[in-house]
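Peer 1: Attaching a single structure in structure tokens format; questions to follow.
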Ligand SMILES: Cc1ncc(COP(=O)(O)O)c(C=O)c1O
């Protein structure tokens, strides 16, 4: 297995990157905001991209092997049996979510989300798809974590204007991984109330060893009025290459096939398809190493917070690399990201943009080296006056 040296990652080299994480702020700021990772690209992906460049192979995508690669990855990873006819490429998860909303609901319909949640959900539902947001906030666990509020979801499903749930599973920013029994309950309620489910599972390949991701469609079954959006883009850091997958059930497959415009599918990036196939087929050892690093990093943040900013609220995520931090005990204002940028020179995502429950919070990207993460938390502790 080829592995990389996480301790060799340095900010000077990272700052040579042209992607938005490293271009949005000045050289004195450590960027720990948007969900990009600081790790070197997996070698099988780099090789596939280099080979394509060497062939001058930069035309439109043909879908070559994408559906088969996802089918095999889903079978190996989640024991999820997905016929290839139910998978299509789409440019990215967010546009896939938007199209899924368009395919399964009507303008003005109510769509449930579970705040605090990935901020573009609000704009996609309201401003792009012109549907209405019905917020069913996540419930809190006795340990301070988050969980889907099933009784509140049941009540919302019964509302006449509600026609869909936009599930974020695993959940961004809390890192909650809904369990099989919760998903079974949601599927049962959705079926009873005629509510469609759109499941954004972009973070699923990054589920930590402490949890088990369950694909919603695997639970809901062939007859479910549901679509899922999946991608290799978060787990292997390929967001700029523009390739995600929409997955249908037997019931929604004709809708996806006949009503998803071909132009959307053509818009999937060719290099993205090649990279995604390499990721699903050969990216396993790299992903295993990354999950090990992220598992260590989420624990490191717990230790660092306990030592340097003990009144910060933090429950380790069960998936992905985003730490949802409650800084309100240090009174840094409604949006603590402002203070952290000014005083700590650390860029994190602003909690209030995640909707209800975001006040006093920030989202910290932990996909970096332990040394950089340590510097970040030290600086945060100083800026909060906690150290
Ligand atoms: C839950 C969730 N959905 C969608 C996206 C965006 O994915 P894409 O770049 O494929 O649109 C992200 C990005 O972090 C995300 O966290």
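Just so you know, all these numbers are worked out from the coordinates, no wet-lab data involved. None of the values given here were measured: they were computed from a predicted structure. As a convention, Cβ positions derive from the backbone with ideal geometry for all residues, glycine included, and neighbour counts pool all protein chains shown.
Peer 1: What share of the DSSP beta bridges in the chain is antiparallel, in percent to the nearest 5? All intermediate terms of the calculation are to be shown ahead of the outcome.
Peer 2: On the way: 19 of 37 bridges.
Counting DSSP beta bridges with both partners in the chain, the antiparallel share is about 50 percent.
Peer 1: Also, I was wondering about something else. What nm value, rounded to one decimal, do you get for the distance between residue 126 and residue 212 when each label is placed 7 Å out toward the C-beta?
Peer 2: 3.9
Peer 1: Then there is this: Using the 10 angstrom Cβ neighbour count as an exposure proxy, how do 234, 343, 21 rank, fewest first?
Peer 2: Going from least to most buried by this count: 343, 21, 234.
Peer 1: Right, next: For region 57-282, give the share of DSSP beta bridges that are antiparallel, in percent and rounded to the nearest 5; count only bridges with both residues there.
Peer 2: Roughly 40 percent of the beta bridges in region 57-282 run antiparallel, per DSSP.
Peer 1: 7 Å from Cα along Cα→Cβ at both residue 85 and residue 180: what's the point-to-point distance in nm?
Peer 2: Simple spin-label model gives 2.8 nm for this pair.
Peer 1: Still on this model: Per DSSP H run of n ≥ 4, the term is -39500 (n - 2.57); total these for the chain, divide by its residue number, and report the mean residue ellipticity at 222 nm rounded to 500 deg cm²/dmol.
Peer 2: The helix-only estimate for the chain comes to -11000 deg cm²/dmol at 222 nm.
Peer 1: Figure the gain on full extension for residue 342 and residue 68 (residue separation times 0.36 nm, minus the Cα-Cα span) and round it to one decimal in nm.
Peer 2: That pair, residue 342 and residue 68, stretches by 93.9 nm at full extension.
Peer 1: Students often check this: by mean Cβ neighbours within 10 Å, which of 273-284, 151-162 ranks highest, and how do the rest follow?
Peer 2: The packing order, highest mean first, is 273-284, 151-162.
Peer 1: Among 331, 56, 233, what is the fewest-to-most ranking by other Cβ atoms within 10 Å? Mind showing how you got there, number by number?
Peer 2: Details: 331 11, 56 7, 233 24.
Ordered from fewest to most neighbouring Cβ atoms within 10 Å, 331, 56, 233 come out as 56, 331, 233.
Peer 1: Follow-up question, since we're still on this one. What FRET efficiency would be calculated for the residue pair residue 56, residue 295, taking the C-beta separation as r and a Förster radius of 51 Å, to the nearest 0.05?
Peer 2: That pair, residue 56 with residue 295, gives E of 0.80.
Peer 1: Which of 213, 345 has the fewest other C-beta atoms within 10 Å, and how do the rest follow up to the most?
Peer 2: 345, 213
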